[in-house]
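Only one structure is covered here, and it is reproduced in the block below.
The values are calculated or read from the model by the stated rules, or taken from the named source; none is laboratory data. All of these numbers come straight from a predicted model, not from anything done at the bench. Please note: Cβ atoms are built from the backbone with ideal geometry, for glycine as well, and neighbour counts cover all protein chains shown.
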Amino acid sequence: MLEARLPQAKLLKSLLEAIKELVVECNFDCNDSGIAVQAMDSSHVALVALLLRADGFDPYRCDRNLPLGINLTSLNKILKCAGNEDILTIKASDDGDVLNLVFESKDSDRISEYELKLMDIDSEHLGIPDTQYDAVVSMSSGEFQRICRDLSQISDSIVIDVTKEGIKFSASGEVGNGSVTLKQSGSVDREDEATTIELQQAVSLTFSLKYFQYFTKATPLSSRVVLSMSNDVPILVEYKLDNLGYVRYYLAPKIGD
Amino acid sequence: SSNQKSLDDFFNGS
């Protein structure tokens, strides 16, 4: 059986926001080390990998591998019934076909209980190789979100060039073109705003902006985002969750003219 | 315009 408690329902709400534009239904794979999700979008262009470690919950109990097949639209409906500050407990029995969700107000004078019907989902699990990336850029997640939003005015594609001087995002479309360059900084006063670049080799990659805009739904989960890139391979976009795990997105590049 | 690759071209299924 699974029993896992989070001090604030807001976290699960935010996680759901971060994946529900990409994926309609997926397995939440629960075991004694935590809860993991790996799912691709329907076009197999993007993949989301989510890890919530057991020690990020208090308490956490799961004695065997338990895949919980969840329709995210349905889960979203139920989570709308939770207050952001509610204590959230999820429970599932080994052979059950429902997920129990309990929302408890902080002063415990209101307890609501919901059951979400689970489903059987055949998920294909992709083996993602450990990769040494040529360029690893850590930057403000809010800045990344703004750049994606701004350049989506210009084009549905974005070109990312990383050199030792900085990272340049550019777009070219019918109205004209635009670019934003962030220099390796710099902002010693505001660590959250700094851009740091680890570079083995310069990279230049083109991606669909639509997917980046889905990824930036994870912005509320972390003040930082890490972009890991090598030429001609999928980008890894990672948001680390404080003391809990991560949300990682992979996006295949666009290639050729 | 450019061609969108699929993740299946990079990662192995199981």
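Consider segment A:24-49. How many of its residues are buried (at least 21 other Cβ atoms within 10 Å of the Cβ) and within 13 Å of chain B (Cβ to nearest Cβ)?
Residues meeting the conditions: 6.
Identify the single condition in (1) assigned to a loop (DSSP other than H, G, I, E, B); (2) touching a residue at least 60 places away in the same chain (Cβ under 8 Å) that A:LEU88 does not satisfy, given that it satisfies every other one.
Status for A:LEU88: all satisfied but (1).
Quick check: is even one residue across segment A:133-152 in contact with a helix residue (DSSP H, G or I) (Cβ under 8 Å, 6 or more places away or on another chain), modelled with pLDDT of 95 or more and more than 30 Å from A:LEU244 (Cα to Cα)? Full working, then the answer.
As a first pass, look at segment A:133-152 and keep what is in contact with a helix residue (DSSP H, G or I) (Cβ under 8 Å, 6 or more places away or on another chain): A:140-145, A:148-149, A:151-152.
Filter once more, keeping what is modelled with pLDDT of 95 or more: A:140-145, A:148-149, A:151-152.
Going one step further and asking which of them are more than 30 Å from A:LEU244 (Cα to Cα), we end up with A:151-152.
Yes, there is a match, as at least one residue in segment A:133-152 is in contact with a helix residue (DSSP H, G or I) (Cβ under 8 Å, 6 or more places away or on another chain), modelled with pLDDT of 95 or more and more than 30 Å from A:LEU244 (Cα to Cα).
When you check A:ASP130 against the structure, is it within 14 Å of chain B (Cβ to nearest Cβ) and either out of contact with any strand residue (DSSP E or B) (no Cβ under 6 Å at 6 or more places or on another chain) or in a strand (DSSP E or B) (or both), yes or no?
Numbers: within 14 Å of chain B (Cβ to nearest Cβ): yes; either out of contact with any strand residue (DSSP E or B) (no Cβ under 6 Å at 6 or more places or on another chain) or in a strand (DSSP E or B) (or both): yes.
Taking the combined requirement at face value, the residue satisfies it.
What is the residue count in segment A:231-257 for residues that are within 14 Å of chain B (Cβ to nearest Cβ), of a type in the set (Lys, Arg) and without any contact (Cβ under 8 Å) to a residue 40 or more places away in the chain?
0
Every residue in segment A:188-239 that is aliphatic (A, V, I, L, M), in a strand (DSSP E or B) and under 11 Å from the mean Cα position of the chain (by Cα), please.
Of segment A:188-239, the ones aliphatic (A, V, I, L, M) are A:188, A:194, A:197, A:199, A:202-203, A:205, A:209, A:218, A:221, A:225-227, A:229, A:233, A:235-237.
Checking which are in a strand (DSSP E or B) leaves us with A:197, A:199, A:203, A:205, A:225-227, A:229, A:235-237.
Answer for segment A:188-239, where residues must be aliphatic (A, V, I, L, M), in a strand (DSSP E or B) and under 11 Å from the mean Cα position of the chain (by Cα): A:VAL225, A:LEU236, A:VAL237.
Which residue out of A:LYS106, A:LYS91 is over 19 Å from the mean Cα position of the chain (by Cα) and at pLDDT 95 or above? Can you show your working first?
Working: A:LYS106 fails: at pLDDT 95 or above.
Answer to the selection: A:LYS91.
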